[in-house]
1. Among the candidates L219, L187, single out the residue that is touching a Ser or Thr at 6+ places or on another chain (Cβ under 7 Å) and closer than 24 Å to K332 by Cβ.
2. Could you grab the pairs with beta carbons closer than 8 Å, sequence gap of 6+ or different chains, first residue in region 190-206 and assigned by TED's automatic domain parsing to the domain that holds T148, second one at pLDDT 95 or above and among the hydroxyl-bearing types (S, T, Y)?
3. How many residues does region 207-226 contain that are acidic (D, E) and free of Cβ contacts under 8 Å to residues at least 24 places away in the same chain?
4. Suppose we filter N51, N23 for residues that are polar (S, T, N, Q) and at pLDDT 95 or above; which single one remains?
5. Residue under question is I317, and the condition is that it be in a strand (DSSP E or B), surrounded by 21 or more Cβ atoms within 10 Å (Cβ to Cβ) and outside the structural domain of G482 (by TED's automatic domain parsing); does it hold?
6. For region 443-465, how many residues are within 31 Å of the chain's Cα centre (by Cα) and either without any contact (Cβ under 8 Å) to a residue 12 or more places away in the chain or under 18 Å from Q481 (Cβ atoms) (or both)?
7. Answer yes if at least one residue in region 427-434 is on the phi > 0 side of the Ramachandran plot, of a type in the set (A, V, I, L, M, F, W, C) and touching a residue at least 12 places away in the same chain (Cβ under 8 Å), and no otherwise.
8. Give the residues of region 276-314 that are out of contact with any Lys or Arg (no Cβ under 8 Å at 6 or more places or on another chain), part of a helix (DSSP H, G or I) and among the acidic types (D, E), sorted by residue number.
Amino acid sequence: MNKSQKIAQIFSPAAFIHDTEENYQAIERMIVEQEIGGLTFFHSRHSAAANFEKRAETLSTEGTFEKLIALINRYQAASKVPLLISIDGEYGLAMRVEETPQYPFAITLGALKKDAEIFVEEVGYRMGMDMKRSGIHLNLAPCADVNTNPNNPVIGYRSFGDDVEKVAKLSFAAYTGMKKAGIGACLKHFPGHGDTAVDSHLGLPILHKGKEELQAEELFPFQYGIDRGVEMIMVGHLAVPALTGGKDIPASICRELITGLLKEEMGFEGLVISDALNMKAVANLFPEPGELEWQAFHAGNDILCFSDHVKEGIQKISEKASEEQIETAFQKIMELKARLGVMESKKVEVPAFDWTSHSDFQRTLAENYVQVHSGKLDLEVLKDLTQKGKLGYQEFFSKEKSLFQSLLNLPPAETSEKQILGVFVPSHKPLNQFGMDQAVLDEIKTLAKSKPSILVHFGNPLALKHLGDMENFEAVICAYQGFEETQELVVKLFL
């Protein structure tokens with residue numbers, strides 16, 4: 001390969017499953033003309049993370065999975081060197097593709113009461129197998145961020161929690177499971193996005209911590225992974241002035257952080273992949289097309305994700321990079337492609353999922369994470385009240401009557417002596433109180449004070465703070481997810 005072709009292998013621009021034929025053809029042209037190394041698939045332009053909150057929900061999502069497979073086959077057919085296909089699927093293909101298996105969020109897996117590492121590795125393995133069968137070689141996950149800021153607008157449910165050692169062990173377990181399935185994975189978002197107050201899709205988060213503090217918290221899970229042979233790390237768009245001589249420079253384009261700290265000091269020898277280069281934290285820093293790509297490559301990234309200026313980026317890197325820099329990154333990518341079986345890419349058939357096995361696994365996981373968060377359940381009293389018709393139920397934020405309500409089959413809460421309040425948190429992101437309307441939250445708080453109440457919380461536990469003082473509830477059950485298997489399990493708890 002010539003110099004430009006080698007540089008092109010570094011690029012993994014975005015491909016959208018739901019798009020226009022014109023845009024599909026533009027990607028094909030880019031594959032043929034620029035000879036890029038890979039593609040990173042997203043659901044649609046509307047839902048690409050940088051404008052996720054403005055997502056147009058009216059978008060047709062028919063046959064997303066079939067479309068994805070057809071596009072992978074179409075784009076592979078256009079490429080001389082097989083493409084490295086990646087996706088950002090932290091809780092499985094379902095993060096980007098409807099009608100595919102969804103696994104629990106990292107925050108839920110962080111709540112597993114026993115054998116957490118074994119189960120998280122199995123989750124990683126199953127996710128990896130789903131992807132491998134679908135023609136995907138690399139999952140841009142898991143998060144190794146320690147979520148020490150509960151108001152973090154972008155990590156939250158994506159982290160295994162706020163305990164440094166737990167995050168280190170579980171992120172490595174998820175990584176190991178995916179690797180066992182024969183796909184690539186990466187720890188992200190180096191140097192650690194958990195204690196930030198800004199969403200890097202929308203602006204630049206700045207982490208005001210000294211080096212020792214960072215080593216004890218943010219950097220710990222990455223060092224843990226490096227010491228155990230992790231082969232890929234994604235660098236985030238966040239500034240750590242203490243490590244960059246006081247400058248607010250995003251880690252993703254900072255040579256001191258990637259080459260100096262990550263590679264030289266922490267001993268990482270694997271591939272470094274940038275977070276999406278279209279994100280607002282970096283996208284507007286360099287008005288000249290291609291300059292951002294050069295800065296990211298020069299800083300030490302081996303793969304550039306979601307570049308909007310591929311042609312100009314290749315040109316700039318070609319002009320400015322040393323032969324050695326180019327050759328090193330190129331060799332790493334070709335070795336990765338060989339290791340993941342990319343070079344033997346064949347036409348992918350649409351796989352059938354074993355939904356029964358998936359459901360059984362979900363049930364096993366739910367038994368391990370559903371827990372009484374505070375207070376206690378007196379099952380004898382509940383049984384007695386149920387028989388007398390004195391235990392009532394009311395639910396909030398569910399779009400339609402839930403399976404939980406159907407299975408409990410209790411009278412409305414108004415006339416009861418005791419009530420179960422089911423809360424189905426609308427969003428797993430903290431924006432607008434996790435999507436919960438203030439008037440409804442006030443109603444729940446009032447009900448909790450009106451008679452003995454048991455709160456069942458289906459959703460992100462970080463949303464509990466909006467439901468008032470937990471002491472006002474006789475018991476609080478944290479169910480974490482709204483999966484049908486989880487709802488069935490909580491009903492069993494009561495019965």
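The values are calculated or read from the model by the stated rules, or taken from the named source; none is laboratory data. All values reported here derive from a predicted model rather than from experimental measurement. Counting neighbours? That spans all protein chains shown, and the Cβs are built from the backbone with ideal geometry, glycine included.
1. Result of the check over L219, L187: L187.
2. Filtered contacts from region 190-206: G194/S159.
3. Number satisfying all stated conditions: 2.
4. Going through N51, N23 in turn, just one is polar (S, T, N, Q) and at pLDDT 95 or above: N23.
5. For I317, the condition - in a strand (DSSP E or B), surrounded by 21 or more Cβ atoms within 10 Å (Cβ to Cβ) and outside the structural domain of G482 (by TED's automatic domain parsing) - is not met.
6. 10
7. Yes, because at least one residue in region 427-434 is on the phi > 0 side of the Ramachandran plot, of a type in the set (A, V, I, L, M, F, W, C) and touching a residue at least 12 places away in the same chain (Cβ under 8 Å).
8. Within region 276-314, just E312 meets the criteria.
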